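Visitor: First the structure, which I've put down as structure tokens, then a few questions once you've had a look.
The values are calculated or read from the model by the stated rules, or taken from the named source; none is laboratory data. If you're wondering where the values come from, they're calculated on a predicted model, not measured in any experiment. Cβ coordinates were reconstructed from backbone atoms using ideal geometry, including for glycine residues, and neighbour counts include every protein chain displayed.
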């Protein structure tokens, strides 16, 4: 392990780390917005749920490497080529979890809201959504972590992308394990760190579940 | 010529079905190595998960390491394993061993977590009834807890299998064989037919695997439980519930 | 089963969509906006700040530099990039290291990049493969010497000037200009270890034909489609009688990169396809098998530039910057710089800057 090289390249690490978070962040946000819309559609019209999930399932099965390299011939070397697949892979996770979240609202609560005179929209936003939050956050957690992992793969597109994956690919090309680890270990820390943060957020967002958590722990 | 046509043209070329780089051989490579990894991962995940679920000890450590394994970026896992495996065996250790390690590392968490949740989630009354009937611990495990946990465990294995297929495609970047090679080699040669032919093959394999496990799940579920399952066909998803915990 | 029905429905939807998309290269790509993290988009470390030199006004267009993935290509691209920056141009490096020649050529074609370093011999072979003018000389031509003569300018030879002219002729219709080629040459090198050479008495490529099944081959990932390597009718197959089976069975590794070297060192391969400027050959006292059938052409380096970029700049001064850099590079220096990258693990931009300064091309 070449410590001198590591110390020399800490600013590069910073650059790539920022790039990594940036690329992942865009995908998660855009993916969430699109998925949320799809999910609401799926909830309002149950018949669309099956097809939406089925298409997402198939897209999910396509190996990520393939989508990245295949898109180059269509959208060139650009952020689009990177983000489209990343966003696409979040659909399955988000839609499933968002719908499950809304589904988890007990029927009695819905009836109570109706009984209190809530309109459908008010009920959706003021009653169902807050109760759906735990599963939605669980979806955000899964999607964020897997997106962080996928960003490393974008390193196959060349030097301008890849986030921390850039070091993994370059280290491999030059036969330089120090550099490979320089990229691999921070990417793991980033993914695990994000996971831990989401767990905390989950706990904060669902104080009423704390008692149940006590039982499960 | 649209991408789909190019892919179909590539797939229908008989030359691509022969030889060591032909589709049947690559498919065999892929299934063999993926299967081996799944077997090893099941051995590890199942034994640990069932034991934790049955005894109720060390749950936090297990769940946390499972979370860690789930968050682990696959490419990083393969890349980290490589220098070590190369030192052991420069030939296979270059691409095959690190990819297998990556596959195992990523497949264990879903199996472990589901095994734990499945066994721990068995109705305690049933377990007590078993004890009351004089069953010993091992009997309890094999006659009561495991059969009831099967749907959940199978769901975990299904998740693991899909993960394995995805990871093996990544391994192709480093030279791992299998169907992922068509994508990587096709990219090197800018042969769209090969890239998308490879995509169809891998996606097809992933979907076929998932369907196979769905079938397996149904088969292994004791009839009593199958009758109980909600009509919507929703499968138990303990991962999500645990994730919310 | 509901699930299968849904999956089938989803599959048919996707199939319909993909059947309607026209794929393939050249479809109008979005203009490559670089990734925009808060920090600058150019390569970190070693990049001199792109200060315009002196003359205000006169918008200089952005040069989009690209290259193949192996470190020597990236080095040359970086050298050109820095030389241009020193001359007051803004340079985008998004395309550096994007893949094999197929990928970078496609990028140049579609204006994703407008400048890339190329090797005139191999480049000629590559473009000739898909050029309609050269269709007669396609790999379908038989291996015998009395094959139909290739149209002039489709086969790379040992004559650098001829290669360069021929390459330019092919690229003219694509709107790409080949600038003056450099004395630096880097060609395919088939290399074995000393022990293998001794064991099988290998000194030239023809010696390998008889023992090809006994040794383990390592070839570039795009070898099977490269006429100068393993393509049907190409160098290995027609000139040296290497069978398709051998080529398919070879270990595929990235060309001109470390993994091939490591494999050869570790004996997981006995014969590797390296690049003649890889310093590892000399360092390990490996044997570079002589190309006795002269299949490898004069492969001098030269920058390829898109005409539409040249139209937007002061052609003379622009070309001078690049030609000056090419002229100062030679094979020995290239090998030395490669050693700095692969042995000393120095950063490519740093090596480029140092060389540009040492050659007096940049202050």
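Visitor: Among the residues of segment B:54-84, count how many are more than 9 Å from chain A (Cβ to nearest Cβ) and more than 20 Å from the chain's Cα centre (by Cα).
Guide: 7
Visitor: If you go through segment C:328-353, how many residues are surrounded by fewer than 16 Cβ atoms within 10 Å (Cβ to Cβ) and in a helix (DSSP H, G or I)?
Guide: Result for segment C:328-353: 2.
Visitor: Only residues that are free of Cβ contacts under 8 Å to residues at least 60 places away in the same chain, over 15 Å from the mean Cα position of the chain (by Cα) and in a loop (DSSP other than H, G, I, E, B): list them for segment C:217-240, please.
Guide: Of everything in segment C:217-240, just one residue is free of Cβ contacts under 8 Å to residues at least 60 places away in the same chain, over 15 Å from the mean Cα position of the chain (by Cα) and in a loop (DSSP other than H, G, I, E, B), namely C:230.
Visitor: Please specify each residue of segment C:72-114 satisfying the condition of being under 15 Å from residue A:157 (Cα atoms) and more than 14 Å from chain B (Cβ to nearest Cβ).
Guide: Matches in segment C:72-114: C:74, C:93, C:94, C:95, C:96, C:113.
Visitor: Is one or more of the residues making up segment A:136-151 under 24 Å from residue B:66 (Cα atoms), surrounded by 23 or more Cβ atoms within 10 Å (Cβ to Cβ) and within 12 Å of chain C (Cβ to nearest Cβ)?
Guide: yes
Here is a yes/no grid of residues against (1) in contact with a helix residue (DSSP H, G or I) (Cβ under 8 Å, 6 or more places away or on another chain); (2) in contact (Cβ under 8 Å) with a residue 40 or more places away in the chain:
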site	(1), (2)
B:87	yes, no
B:100	yes, yes
B:107	yes, yes
B:115	yes, yes
B:118	yes, yes
B:125	no, no
B:128	no, no
B:139	yes, no
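Visitor: Which residues, taken from segment A:168-193, are closer than 20 Å to residue A:25 by Cβ and either within 13 Å of chain C (Cβ to nearest Cβ) or touching a residue at least 60 places away in the same chain (Cβ under 8 Å) (or both)?
Guide: The answer is A:183, A:186, A:187, A:190.
Residue-wise test of (1) within 22 Å of the chain's Cα centre (by Cα); (2) more than 8 Å from chain C (Cβ to nearest Cβ).
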{"residue": "A:6", "(1), (2)": "no, yes"}
{"residue": "A:12", "(1), (2)": "no, no"}
{"residue": "A:16", "(1), (2)": "yes, yes"}
{"residue": "A:40", "(1), (2)": "yes, yes"}
{"residue": "A:43", "(1), (2)": "yes, yes"}
{"residue": "A:48", "(1), (2)": "no, yes"}
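Visitor: Taking only segment B:4-30 into account, find how many residues are more than 12 Å from every other protein chain (Cβ to nearest Cβ), closer than 24 Å to residue B:209 by Cβ and either in a loop (DSSP other than H, G, I, E, B) or without any contact (Cβ under 8 Å) to a residue 60 or more places away in the chain (or both).
Guide: Selection size over segment B:4-30: 4.
Residue-by-condition table, conditions (1) within 14 Å of chain C (Cβ to nearest Cβ); (2) touching a strand residue (DSSP E or B) at 6+ places or on another chain (Cβ under 6 Å); (3) in a helix (DSSP H, G or I):
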position	(1), (2), (3)
B:153	no, no, yes
B:159	no, no, yes
B:177	yes, no, no
B:182	yes, no, yes
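Visitor: Can you go through B:36, B:41, B:9 and tell me which one is more than 15 Å from residue B:202 (Cβ to Cβ), buried (at least 16 other Cβ atoms within 10 Å of the Cβ) and at pLDDT 85 or above?
Guide: Among B:36, B:41, B:9, only B:41 is more than 15 Å from residue B:202 (Cβ to Cβ), buried (at least 16 other Cβ atoms within 10 Å of the Cβ) and at pLDDT 85 or above.
Visitor: Give segment C:57-82 a look and list any residue that's farther than 16 Å from residue C:310 by Cβ and assigned to a helix (DSSP H, G or I), or say none.
Guide: Once the filter is applied, which keeps residues that are farther than 16 Å from residue C:310 by Cβ and assigned to a helix (DSSP H, G or I), segment C:57-82 yields C:71, C:72, C:73, C:74, C:75, C:76, C:77, C:78, C:79, C:81, C:82.
Visitor: Looking only at residues that are in contact with a strand residue (DSSP E or B) (Cβ under 6 Å, 6 or more places away or on another chain) and within 14 Å of chain A (Cβ to nearest Cβ) in segment C:219-242, which one is surrounded by the fewest Cβ atoms within 10 Å (Cβ to Cβ)?
Guide: Only one residue fits best here, namely C:221.
Visitor: Shifting gears a bit: Being part of a helix (DSSP H, G or I), touching a residue at least 40 places away in the same chain (Cβ under 8 Å) and more than 7 Å from every other protein chain (Cβ to nearest Cβ) is true for just one of A:71, A:86. Which residue is that?
Guide: A:86
Visitor: Now for a different question. Going by what's in this entry, would residue A:95 be described as more than 30 Å from residue A:171 (Cβ to Cβ) and without any contact (Cβ under 8 Å) to a residue 60 or more places away in the chain?
Guide: no
Visitor: Condition test on residue A:56, is it more than 30 Å from residue B:185 (Cβ to Cβ), crowded, with 22+ Cβ neighbours inside 10 Å and in contact with a helix residue (DSSP H, G or I) (Cβ under 6 Å, 6 or more places away or on another chain)?
Guide: So residue A:56 does not fit the description; no.
Visitor: If residue C:245 satisfies every condition in (1) assigned to a loop (DSSP other than H, G, I, E, B); (2) within 14 Å of chain B (Cβ to nearest Cβ); (3) over 25 Å from the mean Cα position of the chain (by Cα) but one, which is the exception?
Guide: Every listed condition holds for residue C:245 apart from (1).
Visitor: If you go through segment A:154-167 one residue at a time, do you hit one that is in contact with a helix residue (DSSP H, G or I) (Cβ under 8 Å, 6 or more places away or on another chain), away from chain C (no Cβ under 14 Å) and part of a helix (DSSP H, G or I)?
Guide: No, segment A:154-167 contains no residue that is in contact with a helix residue (DSSP H, G or I) (Cβ under 8 Å, 6 or more places away or on another chain), away from chain C (no Cβ under 14 Å) and part of a helix (DSSP H, G or I).
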